[in-house]
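None of the figures in this text is laboratory data; all of them are computed from the coordinates on show. What you see is a predicted model, and the numbers here were worked out from it, not measured in a lab. Every residue, glycine as well, gets a Cβ built from its backbone with ideal geometry; the counts of neighbours run over all protein chains shown.
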Amino acid sequence: MNLALADVRHGFLRFFLTMIGVGFLVMAATGMIGLYRGIVGDALLIVDRIGADLWVVQGGRAGPFSESSAISADVDRRCAGVPGVGSVRRFAQISRQFSFEGRELRAAITGLDAPTDRGDWLTLASGRTLAAGHFEAIADESIGLRLGDRFALAHDDYTVVGTTRGMVDASGDGLMFLTVADVSAIARTRSAEEILLARAAAGATTAAAPTGSSVPQDGKISAILLTLSPGADETEVRSRLLAWGDVAVLSRADQRSLLLDQRLWRLRLQILAFTGVLMVVMSIVISLIIYMLTLEKLHQIAMLKLIGARNRVIVAMILEQSYLIGAGALGLGLLMSMLVFPHFPRRVIIAPLDFTLLSLVVGVVCGLAGLLGISRALRVRAQEVLS
Amino acid sequence: MNGGPVLAVRDATRRYASGDTVVTALDGVSFEVHAGELVAVVGPSGSGKSTLLLIAGLLEPPSAGDVRFHGARVSDPGADLDRLRDFRRRNIGFVFQKANLIPFLTAGENVALAMEIDDVPPRDARRHAERLLDGLGLGSRVGNLPTRLSGGEQQRVAIARALANDPALLLVDEPTAALDGRRGRQVIGLFRRIADERGAAIVVVTHDLRAADHFDRTIELIDGRIVDERGRGG
Ligand SMILES: Nc1ncnc2c1ncn2[C@@H]1O[C@H](COP(=O)(O)OP(=O)(O)OP(=O)(O)O)[C@@H](O)[C@H]1O
Ligand SMILES: [Mg+2]
């Protein structure tokens, strides 16, 4: 007979509640790690999926995600003339708030350089890619729009022709894809207030450009995406582009590192620190529970010693119980995570490897907590049965 | 088995240091118990009866003197008692005032456990446990948890557990204290039967001499010394 199992069966409700309690901690840790993965995944979504080898951005800037970037309207044509450049696409992204059916919605509006890029690299949940040159949108479900919805943005009406699932920018705003021409148009429209302020500023200072920027704002294009033709030498293309003097060139790896190590650095560190705190709390709670369970059984353990049970019997009972709680908590934690996190506003990625590592940590904690209990149990003297 | 005593305690002394004073709980006690013998140990509270059982049961080492089983010395002041657990498991059964059953195991499991920890296969242990409980009139209680049993029934399960490995020596401390007179007599009668049928040597510490006629001998302790030792009817 198995003593650990018999005890669990006897006090099942109590064990179950304990497992649920620890399960919540497992769930919180899973959530933290998943949130981290989600934020990193969301931030890198565009960079990883859009399929650009090089990003040409405003000179001296680390745009367009880490810093704002605006480039002159002719850069795309200039790029196309550089030997070794395969394809050229214009890129623009702006955040906008707009109202739809009485709700205030937010979107990270991203330009697709149609007709070269109609959004064929997107994984659509419904509908189709952009077909017309204007007034069509592919909207992420997280924005709150559905296929066929018509909404007003700036001075025009747009129709949702396709939807994606789970595509957001680094701050969690759902992505909405329009043609780059539409995005430029939206970017150019300013509220009456903005215009007044800009005029006042222009009047007060002697600045030349009415927008306060030295860079031409006509197109509001923030970057040019290049792919290299097969066999092209990246360094050479890069040095030709840089020779113009008005652009900076970033590779996909540069963009990734800018996002992860600059823009999201503190957030990542913060989440990891929280995860650490949570792990410590979880370890303490698990240890306490298992230690208390052992203390509770000291009388029985003394009895076992009295009737001559070997230490192996006692050690097995404590360790098995410890691992039963750990395994139950992991199972329940995973189950609750899978039920609950999909309803959270930000993406929580439960990666199998992460959960495996978490399970290993829980396993080690259960083992150590078990050892703590065992060290106490082995100090019990058989005659304590009589007290 | 030879004809000598199962248990022989020689000049056992046990002192406890409590604070600055030293309490002598047992003071040079010697006695023997033979197979099939049922011996009572009586005496006022604090006279050292329980201490005597602890020393005979290899749960405490004597401060002086020794304990022999079938003539072989197993415990003396230098003994490491934790290492005598295997010996205890095979040779000594314990019954106390409280049954001390494992609360999350059924009556049958409590008894079978004593055999399983001695490497008896679970099925055999289970079957033997049922036989033992049946013999003690608890055949219908095998599957009950201790909380579902009366005090007397729990006590009998504890006796079955003590008998599980067929020990040569049974040490019993105040088994009747929690039972009424009639049940108390029944329990002592049970030990008489066990001594007769199994040939076990049994030492029973008791306050209760209403069942004195069952005992082969009575040892009386006062202040840690044996002051009287009587045979049956003597
Ligand atoms: N662990 C100990 N530490 C200190 N003194 C002890 C210890 N165990 C027993 N004693 C003392 O030894 C003496 C004998 O105790 P013991 O328990 O053997 O008496 P007893 O005859 O069983 O009494 P009772 O009938 O009340 O159970 C008592 O004075 C007791 O206080
Ligand atoms: Mg006593």
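A few comments on the model shown:
- Magnitude of the charge dipole for segment A:72-221, about its Cα centre and with charges confined to Cβ atoms of Lys, Arg (+1) and Asp, Glu (-1), is about 220 debye.
- Scalar couplings 3J(HN,Hα) for segment A:114-119, obtained by applying the Karplus form with A = 6.51, B = -1.76, C = 1.60 to θ = phi - 60°, are 5, x, 4, 10, 9, x Hz; x denotes Gly and Pro.
- Average partner coverage of B:49-58, which counts Cβ from other chains inside 10 Å: 1
- Taking every DSSP helix (H) stretch of at least 4 residues in chain A, weighting each as -39,500 (n - 2.57) and dividing the sum by the residue count yields a mean residue ellipticity at 222 nm of -16000 deg cm²/dmol.
- Relative contact order computed over chain A (Cα-Cα under 8 Å; 6+ residues apart), in percent: 29
- Estimated FRET transfer efficiency (residue A:316, residue A:339; beta-carbon r; R0 25 Å; 0.05): 0.15
- Cα centre as origin, Lys/Arg/Asp/Glu Cβ charges: the protein assembly as shown dipole, Debye: 920
- For segment A:170-175, 3J(HN,Hα) per residue [Karplus equation, 6.51 cos²θ - 1.76 cosθ + 1.60, θ = phi - 60°, Hz, x = Gly/Pro]: 4, 9, x, 6, x, 7
- Share, in percent, of DSSP beta bridges within chain B that are antiparallel, nearest 5: 60
- In degrees, nearest ten, helix A:192-204 long axis to first principal axis of chain A (Cα): 70
- In this structure, the amide hydrogen of residue B:14, modeled 1.01 Å from its nitrogen in the peptide plane, lies closer than 5 angstrom to those of B:25, B:26, B:27, B:28, B:63, counting only residues at least 5 positions away or on a different chain.
- Taking all Cα pairs closer than 8 Å and separated by 6 or more residues, the relative contact order of chain B comes to 28 percent.
- Residues whose amide H lies under 5 Å from that of residue A:100, counting only those 5 or more places away or on a different chain, are A:105; hydrogens are built 1.01 Å from N in the peptide plane.
- A Cα-only calculation for the protein assembly as shown places Rg and Dmax at 41.6, 129 Å.
- Förster-model FRET efficiency, 45 Å R0, residue A:67 and residue A:361, C-beta, rounded to 0.05: 0.75
- Taking the charge dipole of segment B:88-150 about its Cα centre, with +1 at Lys and Arg Cβ atoms and -1 at Asp and Glu Cβ atoms, the residue from B:137, B:99, B:115 reaching farthest to the positive side is B:99.
- Scalar couplings 3J(HN,Hα) for segment B:32-41, obtained by applying the Karplus form with A = 6.51, B = -1.76, C = 1.60 to θ = phi - 60°, are 10, 10, 9, 4, x, 9, 10, 10, 9, 10 Hz; x denotes Gly and Pro.
- Bridge type composition, the protein assembly as shown - antiparallel percent by DSSP, nearest 5: 65
- About the Cα centre, charge dipole magnitude for segment B:53-201 (Lys/Arg +1, Asp/Glu -1 at Cβ), debye: 460
- When shorter helices are ignored and each DSSP H run of at least 4 residues is given -39500 (n - 2.57), the per-residue value for chain B at 222 nm works out to -9000 deg cm²/dmol.
- Under 5 Å between amide hydrogens, built in the peptide plane, is the criterion, and for residue A:92 it picks out A:111, A:222 among residues at least 5 positions away or on other chains.
- Going from the residue with the fewest nearby Cβ atoms within 10 Å to the one with the most, A:229, A:387, A:142 rank A:387, A:229, A:142.
- FRET efficiency, 1/(1 + (r/R0)^6) with R0 35 Å, evaluated for residue B:222 and residue B:18 via beta carbons: 0.95
- Listed residues A:223, A:187, A:201, most fluctuating in chain A (Gaussian network, C-alpha, under 10 Å): A:201
- Beta bridges per DSSP with both ends in segment A:72-221, % antiparallel, nearest 5: 65
- Under 16 Å from the residue B:230 label point (7 Å along Cα→beta-carbon), backbone N, segment B:22-65: B:39-44
- Only one residue of A:265, A:387, A:83 has its Cα farthest out toward the positive end of the dipole of chain A, where Lys and Arg carry +1 and Asp and Glu -1 on Cβ, and that residue is A:387.
- Rounded to the nearest 10 degrees, the inclination of helix A:352-377 to the longest alpha-carbon principal axis of chain A is 30 degrees.
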